[in-house]
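Undergrad: Can you read through this structure? Questions will come right after.
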Amino acid sequence: MQKYIQLDHGSGGEMSQELIQSLFLKHFGSQHAVPTDAVILDLPSRKIALTTDSYVVSPIFFPGGNIGKLAVCGTVNDLAVTGARPLYLTCGFIVEEGLPFDDLEEIVISMAKEAKHAGVQIVTGDTKVVEKGSCDKLFINTAGVGIANESSQSLAIGANIKAGDQIIINGSLADHGMAIMSKRQGFEMQTPLLSDCASLNGLIASVMEITRTGANPSVNFMRDATRGGVATVLCEVTKDQEFGIEIYEDSLVIKEEVKGLCELLGFDPLYVANEGKVVFIVESSKAQEILCTMQKDPQGKQACIIGQVTVTNLGKVVLKTKIGGSRVVSMLSGAQLPRIC
């Protein structure tokens, strides 16, 4: 195997076959993975969830992860927040000529490791190599397939949200965005910033089990808070609705090092991207049970209730500040952090 990726690795000839066999099939191999352009899968349901995404994060290695781990986590989470059980992933690689083979292998290994951790299989994919300067090292496109839950179809739009519902998030805000920025700008932090990049399907499944065993649904909405952060998720929920949302500044978990960098760069943590955080809106009667369940999971140890749905401030999100004031939280306007995922 060559030390660096060459254009011939994308030719479809011998070097392409060598790359597929010695790298991708070596690490992604499963009972379904075959060296063809498509794969036949067994799906034990008539309803499936399907998602696709592309990853162009810069830099491709960052504290707490890399573009490969991010691609798996992001795709798994996009399926999981629909209430689906993620099963299969595809991946397409657009590789810049000259990328060190060792870098690509490290990324592929991390993808295989995260897929195994999340309980999904990477079953087919594609590789293209472009001339040096035609892309920035590596871009990854994914698709994900999962089994859809009939009772969860309203989760994505929050059709059952009502006044009194509690808003829960599984931990600290803005970790991913600030980890990327610290690496990109070369900041030396006394306490290193780490991305929160993680697959959340296990945590979500444990919460949804409470819904399935109860007499009535207890989770009325969930969404992973990626680009645009928690603020954008909540603003999308309240837009043109006959309810409002109130969140409490003193309930938000923000690490001191993240808060410091946000203040230095002029960012509001509410709008900064996360890659391991999910926002739940749940029945008030089940909020404490759900919170306790989340706190038992490694990805939910810092879970907390951050607000509630209200009959005031219709169509708006309002932040109650630590000093007793309030301010309207608006939708993110413009691009805050480009190439964050």
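The numbers here are math on the coordinates, done by the rules we state, and not lab data. Nothing here was measured: the structure is a model prediction, and the numbers come from that model. All Cβ positions, even for glycine, are placed from backbone atoms using ideal geometry, and neighbour counts span all protein chains on display.
Undergrad: Need the list of aspartates and glutamates near K286 for cross-linking: C-alpha distance under 19 angstrom, and skip anything on the same chain fewer than eight residues off.
TA: In chain and number order, the partners are D165, E209, E246, D297.
Undergrad: Rounded to two decimal places and with Rh computed the Kirkwood way over Cα pairs, what is Rg over Rh for segment 7-152? Don't jump to the answer; show the numbers that get you there.
TA: Values: Rg = 15.3 Å, Rh = 15.6 Å.
The Rg/Rh ratio comes out at 0.98.
Undergrad: Can you tell which of L25, C135, G334 lies farthest toward the positive end of the dipole of the chain, using +1 and -1 charges on the Cβ of basic and acidic side chains (Lys, Arg; Asp, Glu)?
TA: Farthest towards the positive end: G334.
Undergrad: Is segment 193-341 rounded, prolate or oblate when judged by the Cα gyration tensor, a ≥ b ≥ c being the square roots of its eigenvalues, rounded requiring a/c under 1.5 and prolate requiring a/b larger than b/c?
TA: Cα axes put segment 193-341 in the oblate bin.
Undergrad: Would you list, by chain and number, the lysines whose Cα falls below 20 Å from the Cα of K239, excluding same-chain residues fewer than 8 positions away?
TA: K162, K316, K320
Undergrad: Check which residues have an amide H placed less than 5 Å from I48's amide H, if you skip close sequence neighbours.
TA: Close amide H contacts, sequence-distant or interchain: A148.
Undergrad: If you add up the charges near L265, with Lys and Arg at +1 and Asp and Glu at -1, over every other residue whose beta carbon is less than 14 angstrom from its beta carbon, what do you get? Don't skip to the end; give the middle numbers.
TA: Numbers: positive: K183, R184, K259; negative: E257, E263, D268.
Net charge in that neighbourhood comes out at 0.
Undergrad: Where both residues lie in the chain, what percent of DSSP beta bridges are antiparallel, nearest 5?
TA: Numbers: 42 of 55 bridges.
Roughly 75 percent of the DSSP beta bridges within the chain come out antiparallel.
Undergrad: Among S110, S206, S195, which one shows the highest mean-square fluctuation when the chain is modelled as a Gaussian network with alpha-carbon springs under 10 Å?
TA: Maximum fluctuation in the GNM of the chain, among the listed residues, is at S206.
Undergrad: Let me ask you something else. Note the direction-averaged projected area, equal to a quarter of the hull surface, for the Cα convex hull of segment 105-217, in nm².
TA: Its average projected convex-hull area is 11.6 nm².
Undergrad: Sorting check: for 233-243, 322-332, which peptide has the highest mean count of neighbouring beta carbons within 10 Å, and how do the rest follow?
TA: Numbers: 233-243: 17.5, 322-332: 12.0.
Descending mean neighbour count gives 233-243, 322-332.
Undergrad: Given 10 °C and 1.306 mPa s, how large is the Stokes-Einstein diffusion coefficient of the chain in µm²/s, with Rh as the Kirkwood radius over Cα pairs? Before the final figure, lay out the partial values.
TA: On the way: Rh = 21.0 Å.
Result for D is 76 µm²/s.
Undergrad: V328 versus E14, label points 7 Å from Cα toward the beta carbon: distance in nm?
TA: Roughly 6.8 nm, to one decimal.
Undergrad: Still on this structure, I have one more. With θ set to phi - 60°, apply the Karplus curve 6.51 cos²θ - 1.76 cosθ + 1.60 along segment 81-91 and write out the HN-Hα couplings as whole Hz, x wherever there is a Gly or Pro.
TA: Here the 3J(HN,Hα) series is 6, 8, x, 7, 9, x, 10, 10, 10, 10, 8 Hz.
Undergrad: If I fit a long axis through the Cα atoms of helix 101-118 and take the longest principal axis of the Cα atoms of the chain, what angle between them do I get, 0 to 90°, rounded to 10?
TA: 50 degrees
Undergrad: Report, in degrees rounded to the nearest 10, the 0 to 90 angle that the Cα long axis of helix 175-185 makes with the longest principal axis of the chain.
TA: Relative to the chain, helix 175-185 is tipped by roughly 50 degrees.
Undergrad: Using a basic spin-label model with each label point 7 Å from the Cα along Cα→Cβ, how many nm lie between I40 and S251?
TA: 5.2 nm
Undergrad: Over the Cα atoms, compute the radius of gyration (one decimal) and Dmax (the largest Cα-Cα distance, rounded to a whole number) for segment 61-101, in Å.
TA: 13.1, 41
Undergrad: I would also like to ask the following. So what's the net charge close to P217: Lys and Arg +1, Asp and Glu -1, counting the other residues with Cβ under 14 Å from its Cβ? Write down the numbers at each step before the final one.
TA: Numbers: positive: K162, R212, K286; negative: E150, D165, E209, E283, E289.
Cβ neighbours under 14 Å give a net charge of -2.
Undergrad: Treating the angle as unsigned and between 0 and 90°, give the value, to the nearest 10°, between the Cα long axis of helix 256-265 and the longest Cα principal axis of the chain.
TA: 80 degrees
Undergrad: If I model a spin label at L25 and D268 as a point 7 Å from the Cα along the Cα→Cβ vector, what separation in nanometres do I get?
TA: Reported label-point gap for L25 and D268 is 5.2 nm.
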